[in-house]
Amino acid sequence: MILLDYLTISISNSMADKLQEIISLIFMMRQLSHENISKKNENFSFLQFITLRFIKDKKPLMKEVADFLAITPPSATSLVKTLSEAGLVSRLAEKDDRRIVRIVITKKGEDILNKWQKKVADNMRQRLEQLSQKEQDDLMKILTKLSKISNN
């Protein structure tokens with residue numbers, strides 16, 4: 001019985017170690033993509049690009065930007081102000097209630113976002129092409145499953 005308990009603990013520790021390694025690798029890949037983006041786009045941060053994409057998709061209120069990024073409303077205001085001063089976003093008051101102001105992406109913002117997304121896609125494609133077809137298929141299955149789990 002003691003041997004069985006020891007084996008169970010060893011297996012559990014081994015699984016915990018493996019999960020920790022997977023988590024570390026995921027964070028490392030994310031960090032590499034952030035660094036790659038920052039190097040190619042010295043004028044803009046990764047946070048600004050994430051914000052631009054969110055604004056393009058949602059046309060949010062300032063509070064929604066803050067909630068999405070998990071930052072304070074003053075920090076979101078500062079971030080959006082920087083994007084606005086760069087001509088990438090603008091603020092539009094709603095017709096029915098001028099107190100409600102939505103953030104929208106400008107044409108210039110869309111152009112920069114599209115270029116950034118192409119660079120990211122090209123970078124990822126170069127990395128994924130180094131995997132075999134089976135590895136690519138396995139990765140797609142795993143990522144699809146993780147996505148479904150996350151959306152439940």
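The values are calculated or read from the model by the stated rules, or taken from the named source; none is laboratory data. Given the structure is predicted, the values throughout are model-derived calculations rather than measurements. Ideal geometry is used to build each Cβ from the backbone, glycine not excepted, and the neighbour counts take in all protein chains shown.
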**Prompt:** What about residue 113, is it free of Cβ contacts under 8 Å to residues at least 40 places away in the same chain and closer than 21 Å to residue 30 by Cβ?
**Reply:** no
**Request:** Starting from the stretch 77-103, keep only residues that are assigned by TED's automatic domain parsing to the domain that holds residue 61 and surrounded by 11 or more Cβ atoms within 10 Å (Cβ to Cβ), then list their pairs with residues that are acidic (Asp, Glu) and assigned to a loop (DSSP other than H, G, I, E, B) whose Cβ atoms are within a distance under 8 Å, requiring at least 6 positions of separation or different chains.
**Result:** 100/94; 101/94; 102/94
**Message:** Looking only at the stretch 128-140, how many residues end up being exposed (fewer than 10 other Cβ atoms within 10 Å of the Cβ) and part of a helix (DSSP H, G or I)?
**Reply:** 2
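Among the residues of the stretch 55-63, is any part of a loop (DSSP other than H, G, I, E, B), surrounded by 15 or more Cβ atoms within 10 Å (Cβ to Cβ) and at pLDDT 95 or above? Don't jump to the end; show me each part of the working.
Within the stretch 55-63, the first condition is being part of a loop (DSSP other than H, G, I, E, B), and the residues that meet it are 59-60.
Narrowing further to those that are surrounded by 15 or more Cβ atoms within 10 Å (Cβ to Cβ): 60.
Okay, now just the ones that are also at pLDDT 95 or above, so 60.
Among the residues of the stretch 55-63, at least one is part of a loop (DSSP other than H, G, I, E, B), surrounded by 15 or more Cβ atoms within 10 Å (Cβ to Cβ) and at pLDDT 95 or above, which makes the answer yes.
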**Request:** Of the numbered conditions (1) surrounded by 15 or more Cβ atoms within 10 Å (Cβ to Cβ); (2) acidic (Asp, Glu); (3) at pLDDT below 90, residue 5 fails exactly one; give the number of that condition.
**Result:** (1)
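Please find, among 71, 149, the residue that is of a type in the set (A, V, I, L, M, F, W, C), in a helix (DSSP H, G or I) and out of contact with any helix residue (DSSP H, G or I) (no Cβ under 7 Å at 6 or more places or on another chain). Lay out the reasoning, then the answer.
Values: 71 fails: in a helix (DSSP H, G or I).
149 is the lone residue from the list that is of a type in the set (A, V, I, L, M, F, W, C), in a helix (DSSP H, G or I) and out of contact with any helix residue (DSSP H, G or I) (no Cβ under 7 Å at 6 or more places or on another chain).
Within the stretch 84-120, take every residue that is part of a helix (DSSP H, G or I) and more than 18 Å from the chain's Cα centre (by Cα) and give me the one that is nearest to residue 51 (Cα to Cα).
Per the criteria, the residue is 84.
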**Asked** When residue 25 is evaluated against the numbered criteria (1) in a helix (DSSP H, G or I); (2) of a type outside the set (Gly, Ala, Ser); (3) more than 14 Å from the chain's Cα centre (by Cα); (4) at pLDDT 90 or above, which criterion, by number, is the only one it fails?
**Response** (4)
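From the list 151, 123, 43, which residue is under 17 Å from the mean Cα position of the chain (by Cα), more than 21 Å from residue 29 (Cα to Cα) and either in the same structural domain as residue 29 (by TED's automatic domain parsing) or at pLDDT below 90 (or both)? Can you show your working first?
Details: 123 fails: more than 21 Å from residue 29 (Cα to Cα); 43 fails: under 17 Å from the mean Cα position of the chain (by Cα).
151 is the lone residue from the list that is under 17 Å from the mean Cα position of the chain (by Cα), more than 21 Å from residue 29 (Cα to Cα) and either in the same structural domain as residue 29 (by TED's automatic domain parsing) or at pLDDT below 90 (or both).
The rows are residues; the columns are (1) of a type in the set (A, V, I, L, M, F, W, C); (2) under 22 Å from residue 28 (Cβ atoms).
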site	(1), (2)
66	yes, no
88	yes, no
104	yes, no
135	no, yes
143	yes, yes
